[in-house]
Amino acid sequence: MDRLLRYFLGQFIRRGSMTFTAASGARFTCGDGTGRPVEARFLSERTQRRILLNPELALGEAYMDGTFVVENGSIADALEILLDQPDMVPRWAGLQWWLRYFGRHIGQFNWRGRARDNVAHHYDLDGRLYSLFLDADRQYSCAYFDAPDTTLDDAQLAKKRHLAAKLLMGPGNRVLDIGSGWGGLGLYLAEMTGADVTGITLSTEQLQAANARAEEKRLTGSARFLLSDYRDIPGQFDRIVSVGMFEHVGVGFYEKFFRRCAELLSDDGVMVLHSIGRSTGPDVTSPWITKYIFPGGYIPAVSEVLPAIERAGLLVCDIEILRLHYAETLKAWRERFMARREEAVRLYDERFARMWEFYLAGSEMSFRKQNLMNFQIQLTKRQGVVPITRDYIAREEAKLRGIESRKQPRLQLAGE
């Protein structure tokens, strides 16, 4: 077993320096010796076998169970090496990748009931967990670091401002926020631009918090949040925005999603879609992420999204790629979580805390070392709706900064 472990890990880890101690006590080092060295230990031969048989699932499970331990460095340091290799997936796991690829439509067949269950799995956790690491506004999506040394709270505010600028918001605009989370973006649009906002979510926990915040801000007349699927919401809207929700749609439902958005969007309307994306074409979701974090989730390649937009009859006006913004967001989340890790243990248990640590660290390194990014796609139904140059974005942001300085928003959950 030790020889097999050493051979296969040596074949995979060709960059960096990672020393392993096998369950038998044997030690070996993999990589080219560059960078900060990391040391890890396998505590059982069963863990070694499982990682060789199914590395993408078993490594995270072994860390959660405490049978794979990082002794010199952290799990983030280990994943920084493991996710920075020439092969994104170990070659011996190639067959498993193909099986997952051909079966991905089944795993992402997110009909209404399944979509609700998937959302509940992640977003209906104890709200106190998210307060451990998110900003004050509970923005659970990629922030926008528009200046050096920007804090997480300021970067999340900049993200809302950037989206509002691209939406070309005006007083009285009817806005649909698909996947409204804890309500931060919808409340920002209502308060800063005078828009009439309808936010929809499938999370009962987020719904209650968002409506409580609207009441606390005295914005219930202009911002309301509903428990609704995007396929079922009625009406027409001048603006549609969706942030961090498209990853839960499922690759087989892309065309349905955009056709529904086209039906909901007015002829002179503007839509902005903000989503995690892949830079290297269609792929599969990590089996560990599917099992423990985001069941039914999938990060799309832009090449999978654009054909669905075209078939829905929508026009692409602007695409912006945010490359390392989510890596910096996740770094801030991970550092905040680790500073309050013991509180997470008290909320759940040690295994859950290790799971969350692995999730945040693995996600950060996927953006920092691999092929993930964020994209923002601006859409309309006809030409001439948005300006022909991008100068207006900076002008709109400057205008919003002026409004923010007068209103000094600091949105919080009721009772916080």
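Tabulated data
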{"quantity": "Cα-centred dipole magnitude for the chain, charges only on beta-carbon of K, R (+1) and D, E (-1), debye, nearest 20", "calculated": "480 debye"}
{"quantity": "Farthest toward positive dipole pole in the chain [+1 Lys/Arg, -1 Asp/Glu at C-beta], among 106, 59, 333", "calculated": "106"}
{"quantity": "Inter-label distance, nm, simple model (7 Å from Cα along the C-beta direction), residue 14/residue 71", "calculated": "2.8 nm"}
{"quantity": "Per-pair calculated FRET efficiency, R0 = 25 Å: residue 122 and residue 44 via Cβ, rounded to 0.05", "calculated": "0.25"}
{"quantity": "Nearest-0.05 FRET efficiency for residue 348 and residue 255, computed from C-beta distance (R0 35 Å)", "calculated": "0.35"}
{"quantity": "Portion, in percent, of the accessible area of the chain that falls on carbon or sulfur, probe 1.4 Å", "calculated": "51 percent"}
{"quantity": "Cα→Cβ-extended label distance, 7 Å offset, between residue 231 and residue 316, nm", "calculated": "2.6 nm"}
{"quantity": "Residue-level accessible surface for residue 15, protein heavy atoms, 1.4 Å, Å²", "calculated": "100 Å²"}
{"quantity": "Positive minus negative residues near residue 384 (Lys, Arg vs Asp, Glu; Cβ under 13 Å)", "calculated": "0"}
{"quantity": "Potential extension, residue 405-residue 335 segment - 0.36 nm per residue separation minus Cα distance", "calculated": "22.3 nm"}
{"quantity": "Flagged links, alpha-carbon separation over 28 Å, of 166/291; 160/369; 217/331; 160/381", "calculated": "166/291; 217/331"}
{"quantity": "Charged-residue dipole, Cβ positions (Lys, Arg, Asp, Glu), region 130-224 about Cα centre, Debye nearest 20", "calculated": "340 debye"}
{"quantity": "Charged-residue dipole, Cβ positions (Lys, Arg, Asp, Glu), region 294-385 about Cα centre, Debye nearest 20", "calculated": "20 debye"}
{"quantity": "Linear extension gain, residue 21 paired with residue 151, 0.36 nm per residue minus alpha-carbon span", "calculated": "42.9 nm"}
{"quantity": "Within-13-Å neighbourhood charge of residue 197 [Cβ basis; K, R +1; D, E -1]", "calculated": "+2"}
{"quantity": "Environment charge of residue 57, counting only residues whose C-beta is closer than 9 Å and scoring Lys/Arg +1, Asp/Glu -1", "calculated": "0"}
{"quantity": "Antiparallel bridges, percent of DSSP beta bridges restricted to the chain (to nearest 5)", "calculated": "50 percent"}
{"quantity": "Segments 37-48, 240-251, 173-184 sorted - mean Cβ within 10 Å per residue, highest first", "calculated": "173-184, 240-251, 37-48"}
{"quantity": "Accessible surface ranking that places the most exposed of 19, 389 first, with a 1.4 angstrom probe", "calculated": "389, 19"}
{"quantity": "Nearest-10 value in Å² for the accessible area of residue 303, using the 1.4 Å probe", "calculated": "70 Å²"}
{"quantity": "Modelled FRET efficiency - R0 22 Å, residue 323 with residue 34, Cβ distances, 0.05 increments", "calculated": "0.40"}
{"quantity": "Heavy-atom surface of the chain, accessible at 1.4 Å and reported per residue (Å²)", "calculated": "42 Å²"}
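The values are calculated or read from the model by the stated rules, or taken from the named source; none is laboratory data. Source: prediction; values computed, not measured. When we count neighbours, we look across all protein chains shown, and the Cβ atoms used for this are built from the backbone with ideal geometry, even at glycine. To get the accessible areas, we keep the full protein, side chains included, count just its heavy atoms, and leave off ligands, DNA and RNA. Shrake-Rupley method; radii C 1.70, N 1.55, O 1.52, S 1.80 Å.
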